[in-house]
Amino acid sequence: MNYRSYSDMSNTIRNHLPQITDQGFDLIVGIPRSGILPAYMIALNLNISVCSLNDLINNNLIKRDGGRYINRELTYPSEATKILLVDDSYDSGNSLRRNLRILSQELRDKIKILAVYYASSTEQLDFGLEQCTHPRIFEWNIFHHQFVSTSCFDMDGVICKDPTDEENDDGENYENFILNAQPKFIPTYIIKTIVTSRLSKYRNLTEQWLSNHGVKYENLVMLSGYTAKERAKLGLHASFKAAEYEKSDYNLFFESNPSQAKEISKLTGKPVYCVDTNEMFNESKVEIKENNPTIEDQLGSIKRKFRNVVSGNHILYMVLKYPYRIARFFYHRIFR
């Protein structure tokens, strides 16, 4: 999964400023909504006027930035002689074509087009700053992207805040927390599966909270068969979540704890987005070999223990060695 944060976008723009600094632009225009922020980033770096696409079309008064001096400050967009139209990303070009169709020919003749990130083609672009291929997702739309409908979400720390130590008492305080937890990130799309290590005995309270806060989801997977103490002692959080994430064709897991996020990614070989650190983990899958010794391994272990027991005791050795040899003889006859 290719992921880009606000910080990544800022660095990409800074690194490519030399391409556009000497082009003579006197107005930067952002395409709502995702193109507004990069447009302002570019305008601030170049110290020139900026507005939205709607302001350009309607020739609205350009808002002034207090007492700050701007190179060739414009009052109205129509005064611009060379315009840079900015969006965050470019893919098929359909969205860009729709926006260009509503512009007059006079405006289109003044415009050059920039996208910070492009998937493959740059056919309609004058400036494509960085290639970012699919699958991809950005910080500014990660909770409002169609990926949500094929993703797993942790509950505490992602959809709502984490409980404090005092609240996390597996009793009355915890029940009160579940019913009154502050929401954190509520996605726009329907979540495929919420995977929480909350104990299943709290299902009704959890479902009530989700309903009260308008969280849409298909499945709610909770931990069953363990007590809170057993869950903590065994450290089941990451392995439990990974088991659900791995068994279906989910595209992304949203987790708040960075160590758990990394472990889930390692256990599944699939991407995990960590909410708390704002990073995407794309770890290679770690194959865990089960420690199931063969019969021969077990016989070898018995032999070593036998030697330790009878070491220095000749009589005991003579008494016990024959049963071991008989067991080994029949093992080789039957299994070899």
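The values are calculated or read from the model by the stated rules, or taken from the named source; none is laboratory data. Note that this is a predicted model, so its numbers are computed, not measured. With ideal geometry, Cβ positions are generated from the backbone for all residues, glycine too; neighbour counts draw on all protein chains shown.
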From (1) in contact (Cβ under 8 Å) with a residue 60 or more places away in the chain; (2) surrounded by fewer than 21 Cβ atoms within 10 Å (Cβ to Cβ); (3) touching a strand residue (DSSP E or B) at 6+ places or on another chain (Cβ under 7 Å), pick out the condition that doesn't hold for Glu279.
-> (3)
For region 126-143, indicate whether the set of residues that are free of Cβ contacts under 8 Å to residues at least 60 places away in the same chain, assigned by TED's automatic domain parsing to the domain that holds Ile13 and assigned to a loop (DSSP other than H, G, I, E, B) is non-empty.
-> yes
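Between Asn47, Asn58, which is surrounded by fewer than 14 Cβ atoms within 10 Å (Cβ to Cβ) and on the phi > 0 side of the Ramachandran plot? Talk me through it step by step, then tell me what you get.
Values: Asn58 fails: on the phi > 0 side of the Ramachandran plot.
Residue meeting the stated conditions: Asn47.
Is it the case that region 160-172 has a residue that's surrounded by 13 or more Cβ atoms within 10 Å (Cβ to Cβ), of a type in the set (Gly, Ala, Ser) and not in a strand (DSSP E or B)? So that I can check it myself, show each step before the final result.
Of region 160-172, the ones surrounded by 13 or more Cβ atoms within 10 Å (Cβ to Cβ) are 160-163, 167-170.
Still in the running and of a type in the set (Gly, Ala, Ser): none.
No - not one qualifying residue is present in region 160-172.
Residues to consider are Asn58, Asn94, Asn71; find the one that is more than 30 Å from His134 (Cα to Cα), modelled with pLDDT under 95 and among the polar types (S, T, N, Q).
On the way: Asn58 fails: modelled with pLDDT under 95; Asn94 fails: more than 30 Å from His134 (Cα to Cα).
Testing whether each residue is more than 30 Å from His134 (Cα to Cα), modelled with pLDDT under 95 and among the polar types (S, T, N, Q) leaves just Asn71.
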Number of the condition not met by Gln131 [criteria: (1) at pLDDT 95 or above; (2) more than 27 Å from the chain's Cα centre (by Cα)] | (2)
Within region 189-244, considering residues that are charged (D, E, K, R) and in a strand (DSSP E or B), the one farthest from the chain's Cα centre (by Cα) = Arg198
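What are the residues in region 78-110 that are part of a strand (DSSP E or B) and without any contact (Cβ under 8 Å) to a residue 60 or more places away in the chain, if any? Break it down into steps so the answer makes sense when it comes.
As a first pass, look at region 78-110 and keep what is part of a strand (DSSP E or B): 83-90.
Residues satisfying the conditions are Ile83, Leu85, Val86, Asp87, Ser89, Tyr90.
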Counted residues in region 43-102 being within 14 Å of Leu125 (Cβ to Cβ) and among the charged types (D, E, K, R) come to 4
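With the requirement that a residue be among the basic types (Lys, Arg) and surrounded by fewer than 16 Cβ atoms within 10 Å (Cβ to Cβ), what does region 189-244 give you?
Once the filter is applied, which keeps residues that are among the basic types (Lys, Arg) and surrounded by fewer than 16 Cβ atoms within 10 Å (Cβ to Cβ), region 189-244 yields Lys201, Arg203, Lys216, Lys229, Lys233.
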Sole residue being within 30 Å of Ser7 (Cα to Cα) and of a type in the set (S, T, N, Q), chosen from Ser197, Ser211, Ser104, Ser120 = Ser120
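Can you list the helices (runs of 4 or more DSSP H) found entirely within region 1-58 that contain at least 2 residues being touching a residue at least 24 places away in the same chain (Cβ under 8 Å) and under 31 Å from the mean Cα position of the chain (by Cα)?
On the way: elements: 6-16, 18-21, 36-46, 53-58.
So the answer is 6-16, 36-46.
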